[in-house]
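As structure tokens, the structure follows; a few thoughts come after it.
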Amino acid sequence: MSSGLVSHPARSIEWHLPSKRRVGMTALIVGESAIFTIFVVAYVFYMGKSPSGPTPAQVLEVPILATICLLSSSITIWRAEKAIEDDRMGSFSVWLGATISLAVVFLANTALEWNRLIYQDGLTVSTNLFGTTFYSLVGLHATHVVVGLFLLTSVFIFSLFGWLDSRQSERFGAIALYWHFVDAVWIVVFTVVYLIGR
Amino acid sequence: MSDYPLPVTHVIDPSTSASERDTFLERFHGWVVTVDHKRLGILYILYSTFFLLVGGAEALAIRIQLAYPHLNFLSAQVYNRLFTMHGTTMVFLVGMPFLFGFANYVVPLQIGARDMAFPRLNAFSFWMTAFGGFLLYYSFLGGAGLYGVGNAPDVGWFAYAPLTSRAFSPGHATDYWALALIVSGFGTLGTAINIAATIISMRCKGMTLMRMPLFTWLFLIVSMLTLVTITPLTAAQFMLLIDRYLGGHFFDTQAGGSSLIWIHFFWIFGHPEVYVLVLPAFAIANEVIPVFCRKAIFGYSAMVTASVAIMFVSLSVWAHHMFTVGMTSVSNAFFTLSTMLVGVPTGIKIFNWIATLWGGRIRFTTPMLFCIGFLFQFLIAGLTGIMLSVAPWDWQLHNSYFVIAHFHYVLVGAIVFCIFAGIYYWYPKATGRLMSETLGKWHFWLFVIGFHITFDTMHFLGLLGMPRSIYTYQPDRGWNSLNLVVSVGGLIQGIAVLIFAYNFFISYRRGKVAGDDPWDAWTLEWTTSSPPPVYNFEEDPEVHSRRPLWDLKHPDDPDWEYES
């Protein structure tokens, strides 16, 4: 092998590595995806296997408003990400606030849905297999929304105090990545629970 | 051993100056709040060494009970608890923390980094793992709970439903088991994320992926595999707790649930877990074998390819644990073939190690002896694995001592042997002192002899029909003498491990001073002092080949001229 082709100490090397925060968050997302996969598989496996009611067709309503809110929050957080990269902090706070409001609407919608299911339709975790799998899967997703909301709210408070600028854009990028994941999972949960499963 | 001048000069020796200055309490506090990857690595190793002794004691109690028929050393209930705790301990509190300990200590040093990517996450992960372990053992005290029944989980380490339901597992023992695994699972997930981010984003200048030491490569693969392996278990444990506490029906067959789905979920975790444990063993062998043969590893790129292949194939073999539950012929054929397929990349690895040994100037130090034992035993473990992958053979031998012998050949014969090799190899780096070679040789020979007496014999017990998880047996089954032989072998291994533990602690004070590079090795961790300073390297290293230290020692014949 000719030594002319191989790298040589005298030659200076270009050295760029991916951001550790993005890599770490991607790794977390891969792991979380496996958790969701198991719960989705359980949901699909037990679809229509409950020996008694209520069934999904009887009690579930398609949460269109909540879905629109959550999916559009992906767009608003993307705008916030662009804003913090360009150091437009006013715009950043507005888009972040919009993201938080959309997430709150989504969670409020879930709360109302669960309230109706529990008190009107009498569906709890222990009622039947549908209840067990439904509350686990949707609850797991809602838990992730709550965690994301906590992160976003913390960042929002920091931005109100003026502690943030473009130097933190990489950190915020990791949170945004998580939020996009939470939205993407909702597409799967929505499809499985409200479209296929109903 | 090495006379070569090393590039790094040592200005500060933090170990002695710190011990003179601080009181015991201050040093203890320093260890508790540490975020240094080296200290956390050592904590992991100490933690798992402790549980290795605990799990080993449980195994010995099991073997004493089985030494003679109709023995009353343990009651049936205690026996069930002990084999459950033995399995859970050895996999989750010994195997995983040992390997993460090595990763924590060695990976940042090998890639020339200052620390892990997320040092605080690293500390969090360790303490979660540690908390999980102590939570599991607390079940001996708290497992009876308010119900007054049950004490320590007794459902087997795979805890098949519906045995884990409230009706069959009253009390809190099973809850402690599930919670302990969830908690330590979060720790494991955090460490896996950390290792992946460290290896991808923290490499020093010039260390391209194909110049990483194979140890680091394998830990990258292990951490990616862990991400998708430990999480299904966590999900399944949450389902189990929902069943037990909220009245869910996931595994409740009376309400339409399925016990089969637990078996699937468990082995979707359980089989890749074997590779999560064994790939780090390969990683250690990949470092030790070349250094003690005085040759570069044979087939570096083939090793990387084979490891990646193992990662993918290992995700599609889980149901070979389930041939006896009654699957379709298509599933049986699929899982038989996919299991056999794992043999191909694994065979490539064995071939490469042997080719590395071939023509080398082999130094039979203790780490090398353990690696040679590993090669031999892992080959046999692989062959019995191929036998068990054939569904009809498995129908005959499932849940017999043949299976026990097979997986102990992997877990002890391959993994524990490599863990010992790794400890003897990196101990001088971590402490500055060599472990005693004399005691090490005693440890190796007693352990290898005890190992073969125990686990070779177990194969025959399995072929003679002895099932696993029985607390005693009839004297007329023809198993008596073989069982006694197995127990004697276990005792010999126990003595060997005690010699190891003695060596481990005594060498810290009395061992020969190691110097920076006692083995004349080639990777970056040996360029810094032993033990390394908190900051690892005084200057950020820059590498140009897979063996940077070789290049420094041999500027006239550097590796980069030969690597493409």
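The values are calculated or read from the model by the stated rules, or taken from the named source; none is laboratory data. None of these values were measured; they are calculated from a predicted model. Positions of Cβ are generated from backbone atoms using ideal geometry, with glycine treated the same way; all protein chains shown enter the neighbour counts.
Every test in (1) of a type in the set (A, V, I, L, M, F, W, C); (2) in contact with a Gly (Cβ under 6 Å, 6 or more places away or on another chain); (3) crowded, with 21+ Cβ neighbours inside 10 Å is passed by residue B:419 save one, and that test is (2).
Inspection of segment A:98-114 finds no residue satisfying the criterion of being surrounded by fewer than 20 Cβ atoms within 10 Å (Cβ to Cβ) and not in a helix (DSSP H, G or I). Considered as a group, the residues in segment B:87-142 that are of a type in the set (Phe, Trp, Tyr) and over 20 Å from the mean Cα position of the chain (by Cα) include one that is nearest to the other protein chains (Cβ to nearest Cβ), and that residue is B:118. Residue B:225 meets the conditions (1) within 14 Å of chain A (Cβ to nearest Cβ); (2) farther than 23 Å from residue B:308 by Cβ in every case but one. The failed one is (2). Scanning segment B:65-97 for residues that are over 18 Å from residue B:151 (Cβ atoms), touching a Leu at 6+ places or on another chain (Cβ under 8 Å) and part of a helix (DSSP H, G or I) gives B:67, B:90, B:91, B:92, B:93, B:94, B:95, B:96.
Restricting segment B:147-172 to residues that are in contact (Cβ under 8 Å) with a residue 40 or more places away in the chain and more than 25 Å from residue B:321 (Cα to Cα), the residue that is surrounded by the fewest Cβ atoms within 10 Å (Cβ to Cβ) is B:166. The listed residues are B:180, B:192, and the only one of them that is assigned to a helix (DSSP H, G or I), within 14 Å of chain A (Cβ to nearest Cβ) and not β-branched (Val, Ile, Thr) turns out to be B:192.
Residue pairs whose Cβ atoms lie under 6 Å apart, separated by 6 or more positions or on different chains, with the first residue in segment B:293-307 and in contact (Cβ under 8 Å) with a residue 24 or more places away in the chain and the second not in a helix (DSSP H, G or I), are B:293/B:360; B:293/B:362; B:294/B:360; B:294/B:361; B:295/B:360.
Residue count for segment A:115-134 under the criterion of being touching a helix residue (DSSP H, G or I) at 6+ places or on another chain (Cβ under 8 Å) and either within 14 Å of chain B (Cβ to nearest Cβ) or within 13 Å of residue A:193 (Cα to Cα) (or both): the result is 10.
Considering segment B:542-558, the residues that are crowded, with 19+ Cβ neighbours inside 10 Å and at the interface with another protein chain (Cβ under 9 Å from one of its Cβ atoms) include one that is nearest to residue B:521 (Cα to Cα), namely B:551.
Can you tell which of B:124, B:158, B:131 is in contact with a Gly (Cβ under 7 Å, 6 or more places away or on another chain), within 30 Å of residue B:45 (Cα to Cα) and modelled with pLDDT of 95 or more? Reasoning before the result, please.
Values: B:158 fails: modelled with pLDDT of 95 or more; B:131 fails: in contact with a Gly (Cβ under 7 Å, 6 or more places away or on another chain).
From the options B:124, B:158, B:131, the qualifying one is B:124.
Only a single item in (1) within 28 Å of the chain's Cα centre (by Cα); (2) within 14 Å of chain A (Cβ to nearest Cβ) is not met by residue B:514, and it is number (2).
Among the residues of segment B:497-511, not a single one is touching a Pro at 6+ places or on another chain (Cβ under 9 Å) and of a type in the set (Lys, Arg). Of everything listed in (1) within 17 Å of residue A:79 (Cα to Cα); (2) under 18 Å from the mean Cα position of the chain (by Cα); (3) surrounded by fewer than 17 Cβ atoms within 10 Å (Cβ to Cβ), the single unmet condition for residue A:168 is (2).
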